[in-house]
Amino acid sequence: MPPARTTRGAQPTSSGLGLHFVSPKKSRDVKKTQAFVNIPGVNAKHKRLLDQMATLMNPLPVLRTENLSSVSTPPQSEAPMSIDDANYDDPTDYIYDANSDDYVVTADQPDQPASHPTDVEHENPRRRLLPDRMSYNLHSAWKALVPTLVDAFLKYSARTHGHPLPEARPVISACAKRGCAQRRVSIICLFFDLLVHHGLFPTAPSQPRMAISIDLLAFYRALFERSCDAIHALASALKTHYARRGFQMTRGDGQIIQEPFRRSLGQAVQWFDILQVEVERQTEAAVQIARERVYEARRPQLPDDSGISTPMSSKTTLVKGRCSSILMQRCPACFAGVLFGRPLSEGGDIHVATDGNFHHRHRRSAGDCPRFYDPAYFLPKAQVDEVGHRIHSLRKRAPKKHTSAVPDEAIDQCEHSYEAADGKKQKAAMDSFDDTGVMALICRHDIPLFFANIDSPGEQQKYAVALLEHLFSLVPQESNVIALYDVGCVLSRSLSHYDILPSSVTSRLRFATTAMHAYGHEWACQLEYNPRMCTGLGLSDGEGTERLWSRFVKLIGIQRSSSRQRRLWLIDRQAAAIGMEMQVDLGDWIKRRLKRGVNNQGSAAKEALRNCGITTEDLQAQWADQKRSQLSIRAHAPARLKKELDVVLALQADLDASDRALQATRSVVERGSVSEETLDAVASLERSHERLMTKVEVLYSSLNVHERFPELQDVDLDFVRTLLMARDLKINIRKRAIGSFFEWDKLDRAVGGANQALGTKLHQQTRKAIAKRQPALMTAIRKFNSYCERLESLYDPSWSIPLPTPLPTKLADLRNDQTLMEDVWITPSVGNVPRWMEDPDVRDGIRALLKWERCQEEQRRLGLEADNLCRWFGDELAALELALRLPTNRTFMFTIQQRRDHVLLLQTRWVTPLASSTRFIGSGNAALKLALSLAGSHGSPTTAAYSLIPTSLTLLDPSPEEDTAEESIPDAFEEGPEQAALSDVLQDGTIGDEDDEDEDEDKSMGEPEYVITWQLPEDISRTRVRPAQDGFPHQVFEPRDLSILAQPTARLNDTCVNGVAALLYSEILTTSHVRPCAILSTHDLPRIRYNASDEVLWRNTSWTSYWEKGIWLIPIHRPSPVGHWVFCVVYMSTKELHLFDSLADRQPWKNDVKDIMNLISRLSSIAHQRRGSGLIDVKGWVARPLIVQPLQTNGYDCGLWVLAAIAAVLRGAHRPGIHEDDMITFRHYVHGLVAKIPVS
């Protein structure tokens, strides 16, 4: 047989479609060649063997719970006699189940009845996802055993409390006689209560081979509360410790057991905690009975329903009520009040926050174990699912009509911006995780209240609604609640459109966004939902969930590989520990908030209010007007118009790029020798491009912007187009900038230690991501600033449209820029431009007013919370004192005394400037008297069995710290959105004299080749061009400019001011001596504001030789509200700025002086680099007004006054000596100077 031909060319050919070749199957491919064979009888045999093993492994179908300690043990020959014979930790015989920290027998143990093994077991016999019968029996045995150990544990705790631990006895016996004869017999197990009596906790509910010291388990619990679950670490540490001391755990054959403690220690830790939970539950039940008696006794003493005066309303009726005990125990500052019904506009009664976290996931492959713990914080899954079904069914109906203060377009933008608002957004792979996160509800003190386990791909609304609904079931029916949520605006709209919650709840519920996330919302949304702008919220920020997640971060890795039930147990117990710690810290929390919030921020706000020089009433009126205007204007273009406009703008950008390519092609072609055909082809392409540009203009006109915005009917179309593009671009910039703020803030906090370190890899990845996105942000800002520059050049004051202000290009400056969060104004203002828009002092005053109002609200709420703490202290102490005196609580006397001592210690921790120690002492005395009166004949506490002996340790007294560490997040967001901005990266491109040159070139191209040449436009024939003279560039005066100078009431434009200033210089130079002055253009200061590049500044100012001049003259135009000209003289020798304003207005100079100093610094630096001149010292400058009384009473002569002031300085004076009556003559004079220029 000839050898196979392997090359393609050697293959045989055929006609037609040819032969079809396929790759041959691999030889001995198991997956493809082998087939399953059913052996007769094998299934019956397998089933019989499984039944036999189930019978052997489970001799008792159901373990009895009545008397587990007396359950008969198997014969001694079937159980190992010593730990050496117990090969229970041999990895070759057992596998570790991550669900229950236990060893289980391998694959032959079924999950369900033995006759129906699961498919999972066949696929992976070493992994069990569901608990089997043995696991259920084990947990049932533990659950039955734990309640029987409560009494023994309490007695041991009371006996050892405050005493050194007793030495371990070599023989544990309950025999009281010491002299009797002893006989040693090896046994399998002692009675469990005897073990606990001697301070040992069993590691199994029956026949334990090992017991763990209760004190070691108690220490581990305290360690768990401060760190996290560390069973493996502790087990390995014990093994290493004993090995170093010469003790090795070995099997019967002498081989070392690899993990002798892990399984046993895990069981002991888990069920010892369940024992403590059981003790706490029974103790709480006993104390709750005493609480009810104290409440009934004090009910007549509660304040009657009364009307109280509040700052917002003259009288508010409050109703007596009481929150559920579980809420008062978790946060007495929030829920221990007795009067409810404060209006939502005044802050309501309760502030809570909710948020979801999708890092706390659970891997589906980790499986589950039997339910061994009833969570105290997690809502039942059925309760959450019921809310989800309700929402799903209601959304099938048509939404109700509802009028919202915020436009729906704004909330739609918020909904699209946040993933939390998209319940369908998959945040975790559901094929890998069965539980995807946790939703938390906390009070305003960051204390966790309730959790909801998230088992859906996204953050659906059912979790937040279920938590709030559960909260309302535990508070009085008159209480009002404010909930802070990342997307509170979206959830609020949903509750308004659908009856998800009853009206009795929604009428008492108000939403706000969290402080940190508020800046990602639309500005209209912030006006209603930003907590820093909402009345009544004080300094509540809603970011406590972020601080809670930061404390839970250590559990993320552990809980993913734990069983589902163990994961809930870990989170729940960690939440209980955090809640108890934060409850003790409530007094310090109030003192920190008073010092760093109310006092520091309130004082700064008060100082800012004094500096702005505007009364509080005026600022409140301006703020109300701003909210009314920005919520009522058409700030949100229709969605379809925006989409169409985006398409046109994208097409426009493509055509601009093709135009640049055509121009570059023509320049290349013209430099070389090409044929006529090539030139004709290029010309044809240019004509086609021009036709496309014309069609784009027609397409833009077809959008009917003027019809959709009739208020823009008389505004130039180019101006409107640029204005709309600037508006959309600023929205994009705001979103990008806020993302950069959060990223940089995360890095800064990780470096500063406020958050956990990111690690080198994650830190570098974050920095690279920021660096990758920053150029796009810089480009967008430069583009927006160019729009602002073009808008100012096209602006006509008669349109009354406020111009947008440029944005800085430094991240720090952009954070602090107050205009970042404001949208571009796209409608004309009626009447005068409001002060809150144009006056920086009003804007600063409004921000200070809002901060001061929030601080005042915070102080009032802190006072209420301090009262609640004092009231709860008295009630709880009375209940504990009463419980100690009730004979029915004899068993729990030790734990009740511990609680009482804990509460007594709180009176020193909770003393604040708002609640003195005298009040707490008085409450304590009253509580004791009330307990004695209620106890009656049982007036003395039953302390025969339990007595707490305090143990004092002599330690060196460390120097006390004045203050505790403040939470890292709230201070970063205490400032308003206006106080939150990238390096002045300056754009190329400007407006100014070059535009005039371009216009001159366009209009001097020659006469059109038309037949009727005698009808040329008159403005072309009357254009006057003054050639370059006396160091000034050429000046171009259009007929419109000459008409302005001729009209007695016309306002001068920039051409008139710049051109006439040059004419005045030449005129004075011919008649007298002129001071060496550099007259800058009116466009130079706007270039500084719009972050022009050094090249642009140098090109437009170098002709003045300003570095050689000691005096600079800077004419300044203020475009708002109707346009106003002012003038500044810079004296380098004396470091003085002389300010001239014919209206003698003082307020706007603050920003102008800042820009002027920036201009001096920039021009000095540029001249130093290009001409080697010395740098100008920008420290110690003084700005002085040239006039303090207005010289002008009309609204059109300001430009003439500036020209008069320029002429006065050129002649050596400081200010003009003419009066307003002379302005007509002066206008004729400057008109004559221009008229003398020959017509071009």
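Computed from the coordinates by the stated procedures, all read-outs in this text should not be read as laboratory data. Source: prediction; values computed, not measured. Virtual Cβ from ideal backbone geometry, glycine too; neighbours counted across all protein chains shown.
Amide H to amide H, with H built 1.01 Å from N, ASP355 comes under 5 Å of ALA440, counting only residues 5 or more places away or on other chains. Near the amide H of ASP368, within less than 5 Å, lie the amide hydrogens of LEU130, ARG564, all on another chain or at least 5 residues away, with H placed in the peptide plane.
When the C-alpha to C-alpha distance is required to be over 20 Å, the pairs from LYS783/LYS810; LYS730/LYS1154; LYS320/LYS851 that qualify are LYS730/LYS1154; LYS320/LYS851. Listed peptides 1024-1035, 345-356 appear in the order 345-356, 1024-1035 once ranked by packing, highest mean of other Cβ atoms within 10 Å at the front.
For the peptides 1219-1231, 144-156, the ranking by mean Cβ contacts within 10 Å, running from highest to lowest, is 144-156, 1219-1231. Couplings 3J(HN,Hα) of segment 918-923, computed from phi: 4, 5, 5, 5, x, 5 Hz, in residue order, whole Hz [Karplus 6.51 cos²θ - 1.76 cosθ + 1.60, θ = phi - 60°; x for Gly and Pro].
For THR506 and MET134, a Förster radius of 45 Å and the Cβ-Cβ distance give a FRET efficiency of 0.35, rounded to the nearest 0.05. Multiplying the residue separation of THR779 and ALA297 by 0.36 nm and removing their Cα-Cα distance gives an extension gain of 166.4 nm.
With the simple spin-label model, which puts each label point 7 Å out from Cα in the Cβ direction, the LEU223 to ASP618 separation comes to 6.7 nm. Counted by Cβ distance under 10 Å from GLU881, the other residues give a net charge of +2, where Lys and Arg count +1 and Asp and Glu count -1.
Each residue of segment 575-592 was assigned a 3J(HN,Hα) from its phi angle through the Karplus expression (A = 6.51, B = -1.76, C = 1.60, θ = phi - 60°), giving 5, 5, 5, 5, x, 5, 5, 6, 5, 5, 8, 4, x, 5, 4, 5, 5, 5 Hz with x at Gly and Pro.
Near ASN530, the amide H atoms lying under 5 Å from its own belong to THR513; only residues 5 or more places off or on other chains count, and H is placed 1.01 Å from N. Estimate the FRET efficiency between LEU49 and ALA382 by the formula 1/(1 + (r/R0)^6), using the beta-carbon distance for r and 56 Å for R0, to the nearest 0.05. Efficiency computed from Cβ-Cβ geometry: 0.90. Highest mean packing comes first when the peptides 864-877, 268-281 are listed by Cβ atoms within 10 Å, giving 864-877, 268-281. Calculated FRET efficiency, ASP1222 to THR678, Cβ-Cβ distance, R0 = 60 Å: about 0.35 to the nearest 0.05.
Across segment 1136-1148, coupling constants 3J(HN,Hα) worked out from phi with the 6.51/-1.76/1.60 Karplus curve, θ = phi - 60°, read 10, 10, 9, 9, 10, 9, 4, 9, 6, 7, 9, 4, x Hz, and Gly and Pro carry x.
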